[in-house]
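The values are calculated or read from the model by the stated rules, or taken from the named source; none is laboratory data. These numbers were taken from a predicted model, which means no experiment stands behind them. Note: ideal-geometry Cβ built from the backbone for every residue, glycine included; neighbour counts use all protein chains shown.
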Amino acid sequence: MTIQTFQLIWKVAKELIAEIFKISLLSYLIFYLIEDFFPGFVSGFFGINILLGIVAGSGVFTVVSQKEESKEGEGKEVKNKIRARDIVFIVILSIIAGGLICIKTKDLGKLGLVISIISGIIILLMSILLLTEEEKNDQI
Amino acid sequence: MVDKLMKFAKIALWLVPIVFLFWLFNKNFVPGGILTAKCDADKCSKLAAAFATKEPEKIIGETKDGDRYRLIAHDPIYFTIKTPRPFAKAKISAEFANPDNQPVFNFGLQAANGAYVFKNVFSQNSLIEQLEKDWEVIKENDSYLFTRPPEQVSDDKKDDIEKIEKKPIKKYSSISDFANDLPPLDEVRAHNYDLSDYIRLKDYKPSDKRLEIGNTLRGPHEIVTYIENEPLDFKFSFQDINRHKGADNFSIIVSRGGKKVLEKKVSDDGISKASGAVKDLKEVKIYLEKPAFGAHTIFIQAKDDDIFIKNISTAQSLVMFSNHIYLADDDEYKVLEGVASKASGVLLSGQTLSARTSHKGALQTITVDKKPLILKEVNKEYEFKRNKTQIGILQVAIPKSDVYLSTDGFFVFDRRQFFNPDLGAVLNLGADVPANINYVVAQYPKLTELSNGWLKAEAEFSGQELYRDDKGQYSFILQVPGLPENKRILKLRKIEVEFTKEPITVFNLWTKVKTKFKL
C-alpha cells in the first residue's frame with residue numbers, strides 16, 4: 001500500500017466517521033425526544049444506549065482527527081460571519097425548545113408557560129452570544 | 001470517482017436512521033397485525049419482562065445437539081409482555097423437554113381482577129391413553145371419540161355367544177355425527193367434553209296445531225319452550241295500562257343455553273304519563289326459521305307491571321312459565337279490552353309456591369293440590385310447601401285471579417305443555433370404564449412432539465380473556481403443578497407469544513383514526 005492510498009483511505013474514513021457522528025447525534029437526540037414523549041416507542045425494541053455509544057465513539061474520533069487537521073492548517077484564515085439564515089435558524093430552534101419545555105411543564109400551569117418563554121429567550125440570547133463571540137474572536 | 005463514492009456513502013448513511021424510524025413505526029403501530037415476543041435460554045425480547053422470576057438462579061444448559069435451554073425447577077413460570085397497543089388474540093407457546101414426565105401443563109393469563117384465567121394444555125390421563133390403544137378412535141384436533149371394539153371370541157365359544165343376542169354398537173363417522181345423534185346416555189362417558197348442547201328430548205315431535213294461551217298476564221315473564229326440527233314461532237298480544245310514569249318500551253330476548261339468539265325491541269304505545277289511558281292491542285311476532293334444537297328461553301323484559309300479555313299464540317307445544325306468573329284476569333283491569341274477573345287454574349312443578357296480591361278485591365283462598373292457601377292481606381307473601389306425598393305436577397286453583405305466583409319450578413296451563421328442561425347429562429369418566437359404556441368422548445390436548453425430544457405446548461387467549469393492564473402489559477403464566485414438590489425439572493428452550501389484531505389497511509385507516517380520536 002502506497003502512502004497516497006493510505007492517506008486517501010484515512011481521509012475517506014475520517015470524513016465518513018465525522019458523518020456518522022453527525023447522523024448518530026441527530027438520531028440520538030430525535031429518538032431521545034420521541035422516547036421522552038412516548039415511553040417505550042424506541043426502548044421497547046432497541047437499546048438507545050447503543051446509539052449513544054456510537055455517538056461517543058465517532059465523536060471522540062472526529063474531535064481527535066479534527067484537532068490534527070487544525071494543527072496542520074494553522075495560519076489559514078477562516079472567515080465566520082453571522083448570516084440572516086443563522087439568526088432564523090436560531091430563532092426557530094429557540095421556539096421549538098421553548099415549546100418542548102412548555103409541553104413538559106404544562107402541569108405547572110401559567111408558571112410553566114413563563115418558564116418556557118424565559119428558557120426560549122435564554123436559548124436564543126446564548127446562541128447569538130456564542131456566534132457573535134466567535135465572530136469577535138475571528139476579528140481579533 | 002472517490003467523491004462520487006463518498007456522496008453515495010453519505011446518502012446511504014443518512015438513510016439508515018430514516019429506515020430505522022420506519023422500522024420503529026412498524027413495530028409500534030403493527031400495521032401488519034402481528035407482533036411476536038419471545039424468550040429463549042440466553043436472551044429475551046425487549047418487550048418481555050419478569051421471565052421465570054421464581055427461579056433463584058439462571059441455570060442454562062446445552063444438549064449434545066447444541067440446543068440451549070433454561071433449567072426450570074419452580075412453579076409457576078411468569079412471563080410479562082408490554083405491547084405498544086392492545087391486541088385481539090394472543091397465542092402463547094413453549095418449547096421444552098420433559099425428562100421427569102411432568103403430567104400437567106396450564107397456560108394462564110392475568111385477568112382484570114388479578115386472578116389468572118387458565119387453559120389446560122396437557123393433563124396426562126392414563127385411562128384415555130389406554131383407550132387410545134384398545135378402543136376404536138376418531139380423533140379431530142384435540143377431541144377424541146372412543147368406541148368399544150367388537151368383542152373377539154374364539155371359535156369354540158361362538159355357539160354359546162350366538163344364543164345371547166347383543167345389540168351391535170353403532171359406529172359413527174365423526175364426532176359431530178356422534179354428538180348430533182347421541183346413543184342412549186347411559187352408554188356414554190365424557191372427559192373434559194360438554195355434550196349438554198346435543199342432548200334431545202326423548203320421543204319429541206313438533207305439533208301441527210297452534211297453542212293458544214288466552215289468560216291475561218301482567219308484567220315481565222320468562223317462558224321456556226322446547227324446539228326440534230321446527231321454527232320458533234310465537235305471537236304475543238300486548239297492551240299498556242299506563243298506570244306508571246315513563247315510557248314502557250321493552251325487549252323480548254330469546255336465548256339458548258344462556259346465549260342470546262334473538263332480541264326484539266317493542267316500542268312504547270306513545271303514552272308516557274301515568275294517565276291510565278289504554279291504546280289498542282299490539283301484536284309482536286317472534287320467529288326463527290331454523291333454530292338449533294333444545295330448550296329456549298323467551299324473556300319478556302317489561303320494566304314494570306304496566307305491560308299486559310293478552311294472548312300468546314305459538315306453534316310450540318311445550319310452553320312453561322319459569323319462576324313466576326302474574327294472572328291478571330280481574331275487574332281491576334277491566335279498562336283493558338275483554339278483561340273481567342274469572343277463575344284461573346295453573347299447574348305447578350316446583351317444590352314451593354308463593355302467592356300475593358296487590359288489591360283487596362283479590363283476597364281469596366287459593367287451593368294447591370286441594371289444600372287451601374288463604375290470602376288474608378294485600379302485598380303479603382303466602383307460602384305453600386309440598387309434602388313428601390305430593391309428587392309430580394300439582395293443580396293450583398285461583399278463584400279470583402289478580403295474583404302473583406312464584407315458584408322454584410315451572411307453571412303450565414296444561415299437563416301436556418310440561419317438559420323437564422334438564423334434558424339429562426352425560427356422566428364424567430371415572431377411574432375405569434364400566435361394562436355398559438360403549439362410547440367415551442374426550443377433549444384431550446396433547447403436547448406437540450418436535451425433533452430431538454423437544455415438546456411444544458400452545459394456548460390461545462382472545463376476547464375478554466385478553467386483559468392488558470394500565471401499563472400496557474399482558475401477564476402470562478405457565479403453571480406446572482407439582483414440579484418442585486416432586487423434584488422434577490423442565491428444560492425450557494423457548495417461550496413465545498404471537499399477538500394478532502386486525503391489520504391496518506387504506507380501507508380501515510380512517511375508521512381507526514376516528515375511533516382513536518373520537519371524531
Using the structure shown, decide if A:Val55 is closer than 30 Å to A:Ile121 by Cα, within 14 Å of another protein chain (Cβ to nearest Cβ), at pLDDT 85 or above and within 17 Å of the chain's Cα centre (by Cα). yes
Considering segment B:447-475, residues that are of a type in the set (Asp, Glu) and assigned to a loop (DSSP other than H, G, I, E, B), and then whichever is surrounded by the fewest Cβ atoms within 10 Å (Cβ to Cβ), we arrive at B:Asp470
Could you list, in sequence order, all residues of segment A:23-52 that are within 9 Å of chain B (Cβ to nearest Cβ) and not hydrophobic (A, V, I, L, M, F, W, C)? A:Ser24, A:Ser27, A:Gly40, A:Ser43, A:Gly44, A:Gly47
Assess whether B:Asn242 counts as being surrounded by 18 or more Cβ atoms within 10 Å (Cβ to Cβ) and in a loop (DSSP other than H, G, I, E, B). yes
Within segment B:320-343, count every residue that is within 18 Å of B:Phe411 (Cβ to Cβ) and not in a loop (DSSP other than H, G, I, E, B). 8
Looking at (1) within 22 Å of B:Ser322 (Cβ to Cβ); (2) out of contact with any Gly (no Cβ under 8 Å at 6 or more places or on another chain); (3) surrounded by 13 or more Cβ atoms within 10 Å (Cβ to Cβ), which is the only condition B:Gly257 fails? (2)
Restricting attention to segment B:21-46, report how many residues are free of Cβ contacts under 8 Å to residues at least 40 places away in the same chain, surrounded by 15 or more Cβ atoms within 10 Å (Cβ to Cβ) and at the interface with chain A (Cβ under 10 Å from one of its Cβ atoms). 4
For segment B:354-376, state whether one or more residues are in contact (Cβ under 8 Å) with a residue 40 or more places away in the chain, surrounded by 20 or more Cβ atoms within 10 Å (Cβ to Cβ) and not in a strand (DSSP E or B). yes
Cβ pairs under 9 Å, 6+ apart or interchain, first in segment B:190-219 and over 30 Å from B:Asn438 (Cβ atoms), second among the basic types (Lys, Arg) and in a strand (DSSP E or B), ordered by first then second residue, are B:Arg210/B:Lys235; B:Gly214/B:Lys310; B:Thr216/B:Lys310; B:Leu217/B:Lys310
Residue within segment B:476-487 that is aliphatic (A, V, I, L, M), surrounded by 17 or more Cβ atoms within 10 Å (Cβ to Cβ), at pLDDT 90 or above and not assigned by TED's automatic domain parsing to the domain that holds B:Lys89 present: no
Filter pass, B:Asn113 being under 18 Å from B:Leu195 (Cβ atoms), surrounded by fewer than 17 Cβ atoms within 10 Å (Cβ to Cβ) and under 25 Å from the mean Cα position of the chain (by Cα): no
Listed by first then second residue, the pairs whose first member lies in segment A:1-21 and is within 9 Å of another protein chain (Cβ to nearest Cβ) and closer than 25 Å to A:Ala56 by Cα, whose partner is part of a helix (DSSP H, G or I) and of a type outside the set (A, V, I, L, M, F, W, C), with beta carbons under 8 Å and at least 6 positions apart or on separate chains, are A:Leu16/B:Lys10; A:Glu19/B:Lys10; A:Ile20/A:Ser58
Subset of segment B:144-190, residues at pLDDT 85 or above and acidic (Asp, Glu), comes to B:Asp177, B:Asp181, B:Asp186, B:Glu187
Of the candidates B:Lys380, B:Lys334, the one satisfying the condition of being touching a residue at least 12 places away in the same chain (Cβ under 8 Å), of a type outside the set (Val, Ile, Thr) and loosely packed, with under 13 Cβ neighbours inside 10 Å is B:Lys380
Kindly indicate whether B:Lys7 is surrounded by fewer than 16 Cβ atoms within 10 Å (Cβ to Cβ) and either of a type in the set (A, V, I, L, M) or more than 14 Å from every other protein chain (Cβ to nearest Cβ) (or both). no
B:Phe308 versus (1) surrounded by 19 or more Cβ atoms within 10 Å (Cβ to Cβ); (2) within 31 Å of the chain's Cα centre (by Cα); (3) among the aromatic types (Phe, Trp, Tyr): which is the lone unmet condition? (2)
Only unsatisfied item for B:Ala50, checking (1) of a type in the set (A, V, I, L, M, F, W, C); (2) under 34 Å from the mean Cα position of the chain (by Cα); (3) over 27 Å from B:Lys471 (Cα atoms), is (3)
